[in-house]
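Right, one structure below, let's go through it.
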Amino acid sequence: MGRQLNLVMFPWFAIGHITPFLHLANKLAQNGHKTILLLPTKAKIHLDTLNYHPSLITLQPILVPHVEPLPPGTDTASNIPIHLHTHLATALDLTRPQVESLITDLDPKPDLIFYDLAYWIPDIASKFKIKTVCYKVLSAASQAIALVPALKLPKDRPLSEADLAHPPLGYPSSNVVFRGYETKSLLFIGFEFGSGMKFYDRVMASLTDCDVIAIRTCREIEADFCDYISNQYNKPVFLTGPILSEPEPNKNSLNPNLDEWLHTFDAKSVIFCSFGSQFIFEKDQFQELVLGFELTKKPFLVAVKPPIGCSTIEEALPNGFKERVGNRGKIEGDWVQQTLILGHPSIGCFVTHCGFGSMWEGLKAKCQIVMVPQLGDQILNTRLMANELEVGVEVERGENGWVSKESLCKAIELVMEDNEVSFRVRKNHAKWRDVLISERFIKDYIDNFVKDLENLVG
């Protein structure tokens, strides 16, 4: 083992970004390296139990300034709608004096600072001759698509759907063709994200000014995309492998009531659906989806937030739904133990938004995969899974991206019943699962990542 590295990490103020940084810190701590993870106070309370090496990992709270029109006390993206995220990005930038003061006071100084959207970190680090790592927790395929605006658009011209209709020049996939409603969902990269700064400008500044780029992915699946990013930014790309959550010590068990309910059904018969902690459906689309699960006539477990305008799941359900479905359907409006649920023998199909963490968890699970992407990076992940790897099926959408109950039911039946498509995706899925769960897969990635970091700092 080389010398102990001292790291500071400063992720974007979203649980879905902070948590992968902490997972990486835990892996690095297993090799004896120390990390100070800067995060909002409420996030620290939420994530304390996931710090498995408190002697080597310090969760350092940061005071997030209030920015109008954010609700008072907001310090993460988890409980605010997406259109308010730009104001949270402004708050992130306003923490710069705190971060700079903390780094100034550290003795010894860190060897490396990891960040993702705080593009000004390299400027601080340069004052102390500290190396910087822009650590991306989303897929390389989606990071590469951010190069679309490298069209060098005039500052006064907004990004248009035509600009996003095709991948950037040299993009290493012919399977990424955006449909009309999807280009609209990608327009957010041209919106303001923090005072006076467009989202793609922030992303590109973060990637341009760091010493190296690191991505939570593996070459086995995204080698071409990683090489493309390295060439475009003219700097090394280090890979950590697809680090996922690990079971908490002594807490590796599923909720007993849920476990008992799942065991009332045959092996590989239950559909599990989860759309992550951020996305919230319109009520009519939510109702159409649950009617799609009813239409399958199979048991199902759905974990989604109450739809817009509803305070509970119950009030949003279609008329007569609970009476018709009875005990074969459960709909939860709160967090569930996704990893443990996916590992349950009764689960036969995972219906997912294909967020990057869920993408990897789906690949490592034995159940089949149906994808219903909602936001920009999820679309890229879905095309990677459905078109490049051919390990699952994407639900067909109607005009304006509408998902009908019939199309959802059709996709589920396609992967759960015996046919040419299910045979192909099962075979491909099994192949990739064997790669990802092999004994030394993640360990080798982390060992090589540490060697790369040691070589970087000299």
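The values are calculated or read from the model by the stated rules, or taken from the named source; none is laboratory data. None of these values were measured; they are calculated from a predicted model. Here the Cβ positions follow ideal geometry from the backbone for every residue, glycine too, while neighbour counts run over all protein chains shown.
A few points about this structure:
- Yes/no for PRO40 being surrounded by fewer than 18 Cβ atoms within 10 Å (Cβ to Cβ) and touching a strand residue (DSSP E or B) at 6+ places or on another chain (Cβ under 9 Å): no
- Of the residues making up segment 384-393, those that are surrounded by 23 or more Cβ atoms within 10 Å (Cβ to Cβ) and either in a helix (DSSP H, G or I) or in the same structural domain as HIS23 (by TED's automatic domain parsing) (or both) are LEU384, MET385.
- Against the conditions (1) in contact with a strand residue (DSSP E or B) (Cβ under 6 Å, 6 or more places away or on another chain); (2) in the same structural domain as ALA303 (by TED's automatic domain parsing), HIS263 satisfies every one except (1).
- The listed residues are LYS297, LYS305, LYS268, and the only one of them that is under 21 Å from LEU342 (Cβ atoms), at pLDDT 95 or above and in the same structural domain as ASN400 (by TED's automatic domain parsing) turns out to be LYS268.
- PHE356 vs. criteria at pLDDT below 95, in contact with a helix residue (DSSP H, G or I) (Cβ under 9 Å, 6 or more places away or on another chain), among the hydrophobic types (A, V, I, L, M, F, W, C) and within 21 Å of PHE272 (Cβ to Cβ): yes
- Here segment 427-458 is the region considered, the condition is being surrounded by 16 or more Cβ atoms within 10 Å (Cβ to Cβ) and charged (D, E, K, R), and the residue that is farthest from THR132 (Cα to Cα) is ARG433.
- Some residue of segment 193-200 being assigned to a helix (DSSP H, G or I), at pLDDT below 90 and in contact with a helix residue (DSSP H, G or I) (Cβ under 8 Å, 6 or more places away or on another chain): yes
- Scope segment 415-426; condition without any contact (Cβ under 8 Å) to a residue 24 or more places away in the chain and part of a helix (DSSP H, G or I); matching residues: GLU420, PHE423
- Residue that is surrounded by the most Cβ atoms within 10 Å (Cβ to Cβ), among those in segment 50-81 that are under 20 Å from the mean Cα position of the chain (by Cα) and among the hydroxyl-bearing types (Ser, Thr, Tyr): THR76
- Among all residues of segment 303-315, there is none that is touching a Cys at 6+ places or on another chain (Cβ under 6 Å) and under 30 Å from HIS85 (Cβ atoms).
- Flag for VAL133 being among the aliphatic types (A, V, I, L, M), part of a loop (DSSP other than H, G, I, E, B) and assigned by TED's automatic domain parsing to the domain that holds ALA14: no
- Every test in (1) over 23 Å from LEU88 (Cβ atoms); (2) assigned to a helix (DSSP H, G or I); (3) in contact with a Leu (Cβ under 9 Å, 6 or more places away or on another chain) is passed by ILE18 save one, and that test is (1).
- Failed criterion for LEU92 (all others in (1) under 25 Å from PHE356 (Cβ atoms); (2) touching a Lys or Arg at 6+ places or on another chain (Cβ under 7 Å) hold): (2)
- Residues of segment 365-380 classified as closer than 18 Å to PRO242 by Cβ, at pLDDT below 90 and surrounded by fewer than 24 Cβ atoms within 10 Å (Cβ to Cβ), total: 1
- For segment 45-80, the set of residues classified as farther than 21 Å from GLY276 by Cβ, in a loop (DSSP other than H, G, I, E, B) and touching a residue at least 40 places away in the same chain (Cβ under 8 Å) consists of TYR52, VAL64, listed by residue number.
- Scanning segment 427-453 for residues that are part of a helix (DSSP H, G or I) and among the charged types (D, E, K, R) turns up LYS427, LYS431, ARG433, ASP434, LYS443, ASP444, ASP447, LYS451, ASP452.
- Any helices (runs of 4 or more DSSP H) falling wholly within segment 289-377 and containing at least 1 residues that are in contact (Cβ under 8 Å) with a residue 12 or more places away in the chain, closer than 26 Å to ALA141 by Cα and touching a strand residue (DSSP E or B) at 6+ places or on another chain (Cβ under 8 Å): 338-342, 356-364
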